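Everything on this sheet refers to the single structure shown next.
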C-alpha cells in the first residue's frame, strides 16, 4: 500500500513565517532601546545580523547543504538580531563576530542545524562573550542621545569612549550587585548611584519587550507557557528573598523591570528548539529558568543570569521531556516505560 | 446534558456546503462493476461464481473466508466476465433485476437468525474501517453493552454522507439502531451529532418525540456537540458523550459501548427488513472540480472514473481525487478504481483547493502538534523515533494509540508529514510482529492439519458405526461387538463441551484482535480458530459414534 500525505494542510504559519514575526516583534524593544542608548544598539543588531547570515551561508557551504532554503527560514537572522540586542551598545565588530560565530556555527550548525541544537544559539554566543571578554561586556554606557558621540570605535574595534567614561556597572542590576554588604538597599538607592534616568530607561525598555512578547502570544506564534512560568517563578522566589531581607535583595518589581527579564522571557526562553516540548514540560522549563535567574542574581557571582539560566535549563530538557510525558487518552499512567518494551 | 471534552482537536474549514445543498439521489446504473474481494477488515472473500454465470443484483458472488471477513454480492444484474485473485468483474445487462433475501421482522425474529442475516448480507461498518457487522453485534457475548452510540458527528470536512442519510432516512437509521441495540443488548441509544448539521438534527428531533411515545426497546437520546475535528473519532465521541475513556489497546465494548455509523444502521435495517444485501451506499461527491456536487446512492464496484464522468467533472481544473475526507483520506493514484463499501466520499479537488504540501522543513520542536493531539501523545517525539526506526521507543510512546486523525500534520509549521511517518512505522511494526511469530504460526498450521486429519478420521469412524448400527437394527440377531462404557460417553461429552468453549474463546480472541487493529493481518488467529472448529467437529463425531455404539449395545 502506498502511504501518502493527508491531502489537506492547515494554514499554519510556516517556520520561516514564525521566525520573521519574532524578528518583527523585537522592533518595539529595539526602538525604545535605541531611543535611550543611541544608534549603537541598532548598529549592533545590524552587524550581528550580517555576521549571522554570512556565517550560516559559509557553514552550510562547508556542510554541503542547500544554502538558500535554509537561509530563507530566517532562523540565523533571528539569532543575530537577538544576540545583537543583548550586547552593550556599539560593541566592537569583532566581538559581535565571535559571538555570532559561536552561536550560529558552533551551537547550531555543528549540532546538525535548525531543530537539532540542544542549546539556545544566541545565549551560547552571549555566554561565551561574557566569560571571555568581561571588560567588553560589562560596561554599559549611561543613557545618551540618539546620536552617539561616534560609532567610530565600533568600526575600529575598540570600546566606545562613553563606555570607558561611564560608571562601571551602569546597569541597575550591576549596581545593586556591587553596592557592598555594608550598604543597605534604601541607602544605596538614596545615594543615586546610577546616572540620571537609568532606572526609567530600563523600565521602559522592559515594557517595550513585553509589548512585543504579547503580540507574539496573541498571534499564537509562541505559547504562553514558558513566559508565564518563568516570570511567575521569578516573582515568587524574588518575593521570598525580598521578604526575608529587604535591605539587600531587589524587590520582585525591580527584578521584573531590570536586566534581561522580559526580553529573556518572551524572546530567549521561548526558542522552541532548545526548550521542553510538552505543555507541562514547558511550564517546568520556564519555572526552572525563573528560579535560576533569581538564585544567580541574588546569590551568585553574576548580576544578570538569563543566559546562564536558559543554558542550564537547556541541559535539563531531555530530562524534562522524559518526566513530562502527558497521559495518553486511555492509558492508566503517563510514563512511557521504555524498559518494558526495550528488547 | 453536558458535553465532556476530549483533549486537542482542530477547526479546519468545513467546506460541507458544497455537497449538502442537493438532495440525496441515485447515481446512474453502471454498465460494469468491479467488485474487490477485500473491502473489509480481515481476509478476502472467496469467489463462488464462475466466469459466464448470470447474476442478479444481490446474488452472492464471493463468500467470506474465515470469521473476520464478509460476503460480497453482485451490485448489478448481468454476467460475470472476469474473476481474478482480487476482483470479480460483472458486465451489466441494464435491467437491474434483483435477488433479495426474505424480509424479516427484527422485533420477532430470533437473534441468531438476525445475526445470520447481517452476515449473509455482507454488512460491514460503513464509516471507514469496514469491520464485519455480524461480529460486532455479538460482542455482548463477552462484554456487557449498555449504550449504543450512533456516530453522526461526521467531523471530517467536505463529507456529508451521514448528514444526508439522516435527513432522508432518520426513522430508518433510528430503527436500525434499535435493531442493533437489541442484538447487543444495549438499553440506551445516544446519537452524537455536530452542530453544523441543523437539518439532520431537526429530522432527528422530530422523530424523538414520536419514538418516546412508542415505548422503544432502547431509550434514544440526541446529543448535539460542538463542531471540532476529530469529534467523530470513536474514542473522542465516547469521551464527549459519556465521559468514558476507552482504555489503550482496548475497545469501546470494554466500557460497555458500541459505536455505529448511521449508514451502517440504515444498511443493517435494510438487510433485515427488506432483505437487501449491501450492494449500494451513499457517497459524497464533492470538490471544486465537480459540476454537480452532492450525495448519491452508488452501486459498490462502480468505477470512480465513470462515476465522476456521470456527475460531471472539470478535467482541466481537476488536480487530484481524494477518497475519504481531506484529513484522513488518500489521494487516488489512478481513477480506474472501484467505489467500495467503505468509500464515503470522493473529493475531486482543484490545485488551489488542496494544494500540494510544501517542502518539509526541520522540526523545531514547537509543540504545536502536541497541543492538538486528541490522544494526548507526543507527535514530535514519535516523529523522531519514527525517522530513527526506533520501534521500542515508538511503542513505549504509545504509537498504537494514535488514531491517525492528521491534526498534527495539519498544524505543523515545518510541513512534516507526521501521520505518514506513523502509518509506515505501524506497518513496519505489524510486519515485524508477524515475522517474529513465524515459528509459532508454523506450529499452528501444523496443529490445524493434525486436527483436520483427526476430524476426518473421527467422522469416518462415526459413519461406519452408524452404518453398522443401521444394519444391526435391520437384522436384529447380530451381537454387539463394540461395547462402549457409559463413563466413556460422559468423558466424550465433556470433551465436546471443552471443544465448544475453545471455539468460543478463539472467536473472542480473533474478534477482539481484529477490532483493535483492523489493519493487522490475523491469519494466525484464523488458523487457530479453524483448528478449534476442527477439534469440535471431531469431538462431535466421536460422541455420535459412541452414542451409536451404545444404542447398538442396548438394542438386543
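The values are calculated or read from the model by the stated rules, or taken from the named source; none is laboratory data. In this text, all values refer to a predicted model and were calculated from it rather than measured experimentally. Because the Cβ atoms are built from the backbone with ideal geometry, glycine has one as well, and the counts that use them run over all protein chains shown.
In segment B:391-412, the count of residues that are over 28 Å from the mean Cα position of the chain (by Cα), outside any helix (DSSP H, G or I) and crowded, with 24+ Cβ neighbours inside 10 Å is one or more. Residues of segment B:413-443 that are touching a helix residue (DSSP H, G or I) at 6+ places or on another chain (Cβ under 9 Å), free of Cβ contacts under 8 Å to residues at least 60 places away in the same chain and surrounded by fewer than 13 Cβ atoms within 10 Å (Cβ to Cβ): B:432 alone.
Kindly state which strands (runs of 3 or more DSSP E) lie completely within segment B:52-122 and contain at least 1 residues that are over 23 Å from the mean Cα position of the chain (by Cα) and in the same structural domain as residue B:297 (by TED's automatic domain parsing).
Ranges flagged: B:78-83, B:87-92.
For residue B:392, the conditions (1) free of Cβ contacts under 8 Å to residues at least 12 places away in the same chain; (2) touching a helix residue (DSSP H, G or I) at 6+ places or on another chain (Cβ under 9 Å); (3) more than 9 Å from chain A (Cβ to nearest Cβ) are fulfilled apart from (3). Checked against the criterion of being in contact (Cβ under 8 Å) with a residue 40 or more places away in the chain, within 14 Å of another protein chain (Cβ to nearest Cβ) and closer than 22 Å to residue B:140 by Cβ, segment B:217-235 contains one or more residues that satisfy it.
All conditions in (1) closer than 21 Å to residue B:248 by Cα; (2) at the interface with chain A (Cβ under 7 Å from one of its Cβ atoms) hold for residue B:413, with the sole exception of (1).
When the helices (runs of 4 or more DSSP H) confined to segment A:1-112 are screened for residues that are within 14 Å of chain B (Cβ to nearest Cβ), those reaching at least 3 such residues are found at A:15-25, A:67-72, A:75-86.
Taken as a whole, segment B:237-244 holds at least one residue that is over 20 Å from residue B:159 (Cβ atoms) and surrounded by fewer than 21 Cβ atoms within 10 Å (Cβ to Cβ). Here residue B:299 passes the criteria (1) in the same structural domain as residue B:122 (by TED's automatic domain parsing); (2) touching a helix residue (DSSP H, G or I) at 6+ places or on another chain (Cβ under 8 Å); (3) touching a residue at least 24 places away in the same chain (Cβ under 8 Å) except the one numbered (2). Exactly one residue among B:153, B:144 is over 30 Å from residue B:99 (Cβ atoms) and surrounded by fewer than 24 Cβ atoms within 10 Å (Cβ to Cβ), and that residue is B:144. Looking across A:227, A:272, one residue alone is within 15 Å of the chain's Cα centre (by Cα), at pLDDT 95 or above and within 23 Å of residue A:20 (Cβ to Cβ). It is A:227. Filtered by the rule that a residue be in contact (Cβ under 8 Å) with a residue 60 or more places away in the chain and in a loop (DSSP other than H, G, I, E, B), segment B:166-196 gives B:186, B:196. Condition first: under 13 Å from residue A:309 (Cβ atoms) and free of Cβ contacts under 8 Å to residues at least 60 places away in the same chain. Now tell me which residues in segment A:254-268 satisfy that. Scanning segment A:254-268 gives A:255, A:261, A:264, A:265. Taking the conditions (1) crowded, with 24+ Cβ neighbours inside 10 Å; (2) within 13 Å of another protein chain (Cβ to nearest Cβ) in turn, residue B:248 satisfies each one other than (1).
Residues that are under 18 Å from the mean Cα position of the chain (by Cα) and surrounded by fewer than 21 Cβ atoms within 10 Å (Cβ to Cβ) within segment A:35-70 comprise A:42, A:46, listed in sequence order. Exactly one residue out of B:514, B:499, B:539, B:478 is in the same structural domain as residue B:460 (by TED's automatic domain parsing), over 30 Å from residue B:426 (Cβ atoms) and at pLDDT below 90, and it is B:478. Scoring residue A:297 on the criteria (1) farther than 30 Å from residue B:245 by Cβ; (2) within 14 Å of chain B (Cβ to nearest Cβ); (3) part of a helix (DSSP H, G or I) leaves a single failure, condition (2).
Residues in segment B:516-528 that are out of contact with any helix residue (DSSP H, G or I) (no Cβ under 7 Å at 6 or more places or on another chain) and part of a helix (DSSP H, G or I): 2 in all. The one condition from (1) within 14 Å of another protein chain (Cβ to nearest Cβ); (2) assigned to a helix (DSSP H, G or I); (3) touching a residue at least 60 places away in the same chain (Cβ under 8 Å) that residue A:281 does not meet is (3). When residue A:290 is tested against (1) away from chain B (no Cβ under 14 Å); (2) crowded, with 24+ Cβ neighbours inside 10 Å; (3) free of Cβ contacts under 8 Å to residues at least 60 places away in the same chain, just one condition goes unmet, and that condition is (3).
Out of the residues in segment A:261-272 meeting the condition of being buried (at least 24 other Cβ atoms within 10 Å of the Cβ) and within 14 Å of chain B (Cβ to nearest Cβ), tell me which one is farthest from residue A:219 (Cα to Cα). The qualifying residue farthest from residue A:219 (Cα to Cα) is A:269.
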